[in-house]
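Have a look at the structure below, then the notes.
The values are calculated or read from the model by the stated rules, or taken from the named source; none is laboratory data. Note that the structure is predicted; figures quoted are calculated from it, not measured. Don't worry about glycine lacking a Cβ; one is built from the backbone with ideal geometry, like all the others, and counts go over all protein chains shown. All accessible areas refer to the heavy atoms of the entire protein, side chains included, with ligands and DNA or RNA removed. Shrake-Rupley method; radii C 1.70, N 1.55, O 1.52, S 1.80 Å.
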Amino acid sequence: MPTATSSDVCKLLLLGRCLRAVVFSVIIQFLLLTIFLLFVNFQLLHPLNWVASTFSLVCSLYTWFASIPLITAIVLYGVILCQEHLVERRYHPSRYRWLQQHGLRKLMFLGAHLMVGYLTAWLYTGYMHTDYRHLMYKCYGSDCLSGYHIFLLGMGTTAGCYYFVSVYLNRDVRIEFSVVDQSRSHKMRQLLYGTLLKSLTRSLVPTLGFTLVFWLCGSLVGHKLSQLLGVDTDERLEGFFGVVTSIRLIFYAWLLTAQILSNMHLMRRFYAILLTEDLPLVVSKNRTAFAQDQEVTVVAGLGVINIYVVQCLSASFLFKLAHRKDSGYRQELFQLTEPGNRPANWRAFCDQSLSIIGGFTDELTDSMQQISMLKVTQNHFPVINHDSASAALLAEKVLLRQYNHLHGIRPIVSPRREQQSDDQPVLGGIRHMPNWCERVSLQLQQALKRLLQRIPGIAYLFSEPDGAKAIFLLSNSLPIVWLSEGLAQICVASLTEDIYGVVQNDLPAIIKALSSLKDNLDKLASVVGNLSGSDTENFSMLRGAVRRSLYNVGTCFNAYLGDLIDSPEELRMLKSFIHQD
């Protein structure tokens, strides 16, 4: 029987948590319905009758059967949300590629929001007064279309669309990891109280906005529907005063919007709370005969790069392991394993950590080469060729170019021609010139490229935004934050706990990896002001974690840095960084 891979085991664990989140989402529907009925059926003089009648409605057979469409929509919504959380995060260089990958899923997600909003409004209107409950009512002896019912159904659909646009339209589904560890019950209770209070104020804007739109277009929609259904038109909501004076209708719409926004926010947060709980990871697998195949090591969890949540949880497990006061948890990393008395646990962990940090650094370096502001900065400092015959002459040329650039003096010879004359010797006095076909072809390509860029929408869809790859890396850098700090803290603890000295051989590679990442982040700091607020926060968190990690390692092994680092320049830069902080 083949053993399950670490990715499959982690997917099963997360899938079980997603199913529990769906169950919580279904249960919360009846709680929100109870709160809504308590507001609608409020009786000040008969409180016992008010509470008893409300709970009898919630527990009736009508409620259970009428809730089936809404529960079905909630389950569909949960399935799509689960898929969004477990899908691999990939970088798309253009908006067109992003639409190809996410366009269909975004449309399905929008449809789920509209369905949940509409069915919630349809269910809740069934408990209101007769004027709000049915689509048609009797007026002057004939059937008339109920404008109140249409208003509430439209309000429910608008609330679902409003939540999708404000939360998911331009952003992917994200999970926020809490800074402080709290119990699940405490998180649920705090979430419920905070959501119900905030939704009352958040629902004012969509309610007033839909009311304004209904005043402008509601009569036209009502006439079209009445002609389609063959009934008379409802004249109660025609005109500005007809809409504004319906105080009870606007109050019901505001309360219904608050319920829908609370419902969707709670469902999203249920997934965040359950998926961010610690995974049952281990440092090393049990090698006895009764060992279970379902165990996942922290190294294997870090290697699951196609599921971002698993990599975050593995890095968080490592961070907590490194900062535990009990050193027994870290002894598994430092111990020698049989056969051969080799540090297999540390070797696998160190190789995996350096591979992840090094890969992130390489991708960040490549992405920085596509940022225009950094290109200009790099062009101001040309690279000196140390293999040249006269280093002093090259240094003088560099200083002269910087002086001319500073005072706005243009050189007589163009830099490209001057560089060609310095670097490329002329062979036999003959200079190679491209033929006329190559020149014409190149000019046509450049003209066509400029023409396409001037067409509205072409550059927006098919061109790569400046710094988009760097922003993508920063938004997915949380595992690097925890991994760098955890790795540095383990190195610090090894000075007193590593009795076999398994860490000391890898200290130069660890310091070099952290130092290289810090240097790239320092270069990127010059263009951080052009990023958005969340991207700036991600950059500050990553840069602070890397600098803190390098400072801790450098301070702890300050007396041994001369033996760990071979390059005198790198040693000087590291010592200056340590003494500066």
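Residues checked against (1) without any contact (Cβ under 8 Å) to a residue 40 or more places away in the chain; (2) within 30 Å of Val75 (Cα to Cα); (3) in contact with a Gly (Cβ under 6 Å, 6 or more places away or on another chain); (4) open to solvent by 40 Å² or more (accessible area, probe 1.4 Å):
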| site | (1), (2), (3), (4) |
| --- | --- |
| Cys217 | yes, no, no, yes |
| Val244 | yes, no, no, yes |
| Ala258 | no, yes, no, no |
| Glu277 | no, yes, no, yes |
| Val296 | no, yes, no, no |
| Ala300 | no, no, no, no |
Exercise. Would you kindly identify the helices (runs of 4 or more DSSP H) lying entirely within segment 65-180 that contain at least 1 residues that are in contact with a Gly (Cβ under 6 Å, 6 or more places away or on another chain) and either farther than 30 Å from Leu228 by Cα or among the polar types (S, T, N, Q) (or both)?
Key: 95-125, 147-167
Self-check item: All positions within segment 84-105 that are among the aliphatic types (A, V, I, L, M), surrounded by fewer than 16 Cβ atoms within 10 Å (Cβ to Cβ) and under 23 Å from Met264 (Cα atoms)
Solution: Leu104
Quiz item: For segment 1-37, which residues satisfy the criterion of being at pLDDT below 85, open to solvent by less than 80 Å² (accessible area, probe 1.4 Å) and hydroxyl-bearing (Ser, Thr, Tyr)?
Solution: Thr5, Ser6, Ser7
Practice problem: Scan (1) out of contact with any Ser or Thr (no Cβ under 6 Å at 6 or more places or on another chain); (2) open to solvent by 10 Å² or more (accessible area, probe 1.4 Å); (3) more than 24 Å from Arg347 (Cα to Cα) for the single condition Gly328 breaks and write down its number. | Solution: (3)
Practice problem: Could you tell me which of the residues Gly147, Gly160 is touching a His at 6+ places or on another chain (Cβ under 6 Å) and crowded, with 21+ Cβ neighbours inside 10 Å? | Solution: Gly160
Practice problem: Could you check, for segment 38-58, whether at least one of its residues is under 30 Å from Cys82 (Cα atoms), in a helix (DSSP H, G or I) and open to solvent by 20 Å² or more (accessible area, probe 1.4 Å)? | Solution: no
Exercise. Pull up segment 98-112, narrow it to residues that are closer than 24 Å to Ala459 by Cα and more than 18 Å from the chain's Cα centre (by Cα), then point me to the one that is modelled with the lowest pLDDT.
Key: Gln100
Practice problem: Mind listing whichever residues of segment 246-256 are of a type outside the set (Val, Ile, Thr) and surrounded by fewer than 17 Cβ atoms within 10 Å (Cβ to Cβ)? | Solution: Arg248, Phe251
Practice problem: Give the residues of segment 166-197 that are without any contact (Cβ under 8 Å) to a residue 24 or more places away in the chain, open to solvent by 30 Å² or more (accessible area, probe 1.4 Å) and over 21 Å from the mean Cα position of the chain (by Cα), sorted by residue number. | Solution: Gln182, Ser183, Ser185, His186, Arg189, Gln190, Tyr193, Leu197
Quiz item: Can you tell me how many residues in segment 46-81 are among the aromatic types (Phe, Trp, Tyr) and within 23 Å of Arg268 (Cβ to Cβ)?
Solution: 1
Exercise. Report yes if some residue within segment 353-360 is aliphatic (A, V, I, L, M), modelled with pLDDT of 80 or more, over 24 Å from the mean Cα position of the chain (by Cα) and crowded, with 19+ Cβ neighbours inside 10 Å; otherwise report no.
Key: no
Quiz item: Looking at Met115, Met108, Met136, which is the one that is touching a strand residue (DSSP E or B) at 6+ places or on another chain (Cβ under 6 Å), open to solvent by 50 Å² or more (accessible area, probe 1.4 Å) and not small (Gly, Ala, Ser)?
Solution: Met136
Exercise. Answer yes or no as to whether Lys512 is open to solvent by 40 Å² or more (accessible area, probe 1.4 Å), modelled with pLDDT of 80 or more, part of a helix (DSSP H, G or I) and in contact with a helix residue (DSSP H, G or I) (Cβ under 7 Å, 6 or more places away or on another chain).
Key: no
